[in-house]
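Below is one structure; the comments refer to it alone.
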Amino acid sequence: MIIASNFKTTHTRASTRAFVQSIVDMMAQTNSKQEVRIYPPFTALDTFCCNSSIKIGVQNFYPADRGSFTGEIGFEQLGEFGVDSVLIGHSERRHILKESVEFIAQKFDFAKQKGVEIIYCVGEPKEVREQGIDAVMSYIWEQFDGIDTSYDRLVVAYEPVWAIGTGLTAKKEDIEEVLLCLRTKLSCELLYGGSVKTDNIEEILLAKECGGVLVGTASWDADAFSAMIRSADTCKK
Ligand code: PGA
């Protein structure tokens, strides 16, 4: 399964290095079979001695190799660190950073051309969830406008906006219902994200069609993230 940690603006260069090393060590000791992804801030990108089941990715990028885009990071800079996985469409970038549907599609196309793994995040706000599953799915399908869902390195993360960073997790039945709907049109791996923690990860991983999790807050502690990877290892799915 894919077990991913999104650092957001947490962690320094030094603490990221220690974090990655402790996860690499734990996975080697326990012979973990999980596909781990870590998305540190740009300032902490580095060459880490990862094993093949851990990828270091980025939370954002500008869809250009280089150029006059003040304050942005292009793919040439990412290539220096061997970045092979990107997050696109995260709700914080859609809502706080105001990324438009068009710009998100442009980023998607660029990352696709580069051949990197894309974790594409979708999810509904609370007022849409309150209208029921049909409203939720029509909102989510619109987030696929302009997105090539046949891309072979696509992973989709269902992340209800109201569950991100709030401590409120979607119920297993609700997660399953959305993932099963997504499965009718998508053949890629499907993840869940939104207040995943050590004490609810197992139940979430048991949801039908759930191929892993994208975790923010509760993953920032290396011991907690290790415990989540261990839960995936022992989860009887
Ligand atoms: P959270 O964040 O685990 O803090 O809810 C999830 C995410 O942003 O992907």
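The values are calculated or read from the model by the stated rules, or taken from the named source; none is laboratory data. Because the structure is predicted, anything quoted here is derived from the model rather than measured. Note that each Cβ is placed from the backbone with ideal geometry, even for glycine, and that neighbours are counted across all protein chains shown.
Table for the structure above
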item	result
Filter pass, residue 180 being away from the ligand (no atom under 13 Å from the Cβ), farther than 19 Å from residue 162 by Cβ and either basic (Lys, Arg) or assigned to a loop (DSSP other than H, G, I, E, B) (or both)	no
Any hit, the range 92-103, residues being assigned to a strand (DSSP E or B) and at pLDDT 95 or above	no
Selection status of residue 140, closer than 23 Å to residue 56 by Cα and either among the aliphatic types (A, V, I, L, M) or part of a helix (DSSP H, G or I) (or both)	no
Options 207, 170; residue that is over 23 Å from residue 86 (Cα atoms), touching a Lys or Arg at 6+ places or on another chain (Cβ under 9 Å), part of a loop (DSSP other than H, G, I, E, B) and within 13 Å of the ligand (Cβ to nearest atom)	170
Condition met for residue 62 (under 23 Å from residue 7 (Cα atoms) and either among the basic types (Lys, Arg) or more than 16 Å from the chain's Cα centre (by Cα) (or both))	yes
Among residues of the range 143-167, those that are closer than 23 Å to residue 57 by Cβ, outside any loop (DSSP other than H, G, I, E, B) and of a type outside the set (Ser, Thr, Tyr), counted	6
Total residues in the range 18-60, condition of a type in the set (Phe, Trp, Tyr) and out of contact with any helix residue (DSSP H, G or I) (no Cβ under 6 Å at 6 or more places or on another chain)	2
For residue 212: the one exception among (1) of a type outside the set (Val, Ile, Thr); (2) within 15 Å of the ligand (Cβ to nearest atom); (3) surrounded by fewer than 21 Cβ atoms within 10 Å (Cβ to Cβ); (4) farther than 23 Å from residue 95 by Cβ	(3)
Cβ-Cβ under 6 Å pairs, at least 6 apart or on other chains, the range 153-166 side closer than 12 Å to residue 108 by Cβ and at pLDDT 95 or above, far side among the aromatic types (Phe, Trp, Tyr) and in a strand (DSSP E or B)	156/120
Test: residue in the range 64-73 that is within 15 Å of the ligand (Cβ to nearest atom) and on the phi > 0 side of the Ramachandran plot	no
Residue in the range 10-32 that is outside any helix (DSSP H, G or I), within 16 Å of the ligand (Cβ to nearest atom), buried (at least 19 other Cβ atoms within 10 Å of the Cβ) and within 14 Å of the chain's Cα centre (by Cα) present	no
Members of the range 90-114 that are closer than 19 Å to residue 158 by Cβ, surrounded by fewer than 17 Cβ atoms within 10 Å (Cβ to Cβ) and within 16 Å of the ligand (Cβ to nearest atom)	95
Selection count, the range 195-222, where residues are in contact (Cβ under 8 Å) with a residue 60 or more places away in the chain and of a type outside the set (A, V, I, L, M, F, W, C)	4
